[in-house]
Amino acid sequence: MQIYSLMQNRPVVVILQTAPSKLVVTDGFHITAPVQVTYSPKRTYYFTIACIVENDVLVGGGIAMTMLFFMGLSSGFIVLQLLSIAPIFYLLFLYYIKRKEFIQIRPA
């Protein structure tokens with residue numbers, strides 16, 4: 001069991017000692033499902049560590065919140081103002097309930 005620190009936009013070289021090995025990524029609260037990697041002497045595997053909440057999801061949620069809030073503010077419908085916090089609940093759902101899928105190991 002080895003721990004490697006990830007730096008943004010910098011590769012990490014992991015040398016497998018046994019075959020097959022399991023690769024797990026964590027940030028301390030979230031943990032990915034184990035990915036089984038089989039050892040091959042001249043084989044290189046490339047993985048990308050990603051988050052389920054990408055930048056476009058955050059921007060889209062911010063735009064949806066702003067639009068719904070101002071539509072509710074200008075029209076007087078309280079329901080639209082309450083719907084404006086739905087993206088926050090969605091992000092909290094992804095962060096706390098879908099903990100296994102929050103961080104992902106993707107083949108590069």
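Show the residue pairs that are 6+ apart or on different chains and have beta-carbon atoms under 8 Å apart, the first residue being within region 67-78 and β-branched (Val, Ile, Thr) and at pLDDT below 90, the second being part of a helix (DSSP H, G or I) and surrounded by 14 or more Cβ atoms within 10 Å (Cβ to Cβ).
What qualifies is Ile78/Gly72.
One line per residue, one yes/no per condition, for (1) assigned to a loop (DSSP other than H, G, I, E, B); (2) of a type in the set (Val, Ile, Thr):
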residue	(1), (2)
Asn9	yes, no
Ile15	yes, yes
Leu58	no, no
Leu82	no, no
Leu94	no, no
Gln104	no, no
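Within the bounds of region 45-53, is there any residue that is of a type outside the set (Val, Ile, Thr) and under 25 Å from Pro87 (Cβ atoms)?
Yes - at least one qualifying residue is present in region 45-53.
Pairs only if they're at least six apart or on different chains, beta carbon under 6 angstrom, first in region 1-27 and more than 16 Å from Arg106 (Cα to Cα), second not in a loop (DSSP other than H, G, I, E, B); list them, first residue then second.
These pairs meet every condition: Pro20/Gln36; Ser21/Val37.
Going by what's in this entry, would Ile49 be described as free of Cβ contacts under 8 Å to residues at least 12 places away in the same chain and among the aliphatic types (A, V, I, L, M)?
No; evaluated as a whole, the condition is false for this residue.
So which residues in region 37-55 are outside any loop (DSSP other than H, G, I, E, B) and either charged (D, E, K, R) or at pLDDT below 85 (or both)?
Within region 37-55, Val37 is the sole residue that qualifies.
Restricting attention to region 63-108, and to residues there that are small (Gly, Ala, Ser) and surrounded by 12 or more Cβ atoms within 10 Å (Cβ to Cβ), which single residue is farthest from Ala50 (Cα to Cα)?
Among them, the one singled out is Gly72.
Go through (1) under 15 Å from Pro107 (Cα atoms); (2) outside any loop (DSSP other than H, G, I, E, B) for Ala64 and report which single condition fails.
Ala64 satisfies every listed condition except (1).
The values are calculated or read from the model by the stated rules, or taken from the named source; none is laboratory data. Owing to the predicted nature of the structure, the values given are computational and were not obtained by experimental measurement. No Cβ is skipped: glycine too gets one built from the backbone with ideal geometry, and neighbour counts run over all protein chains shown.
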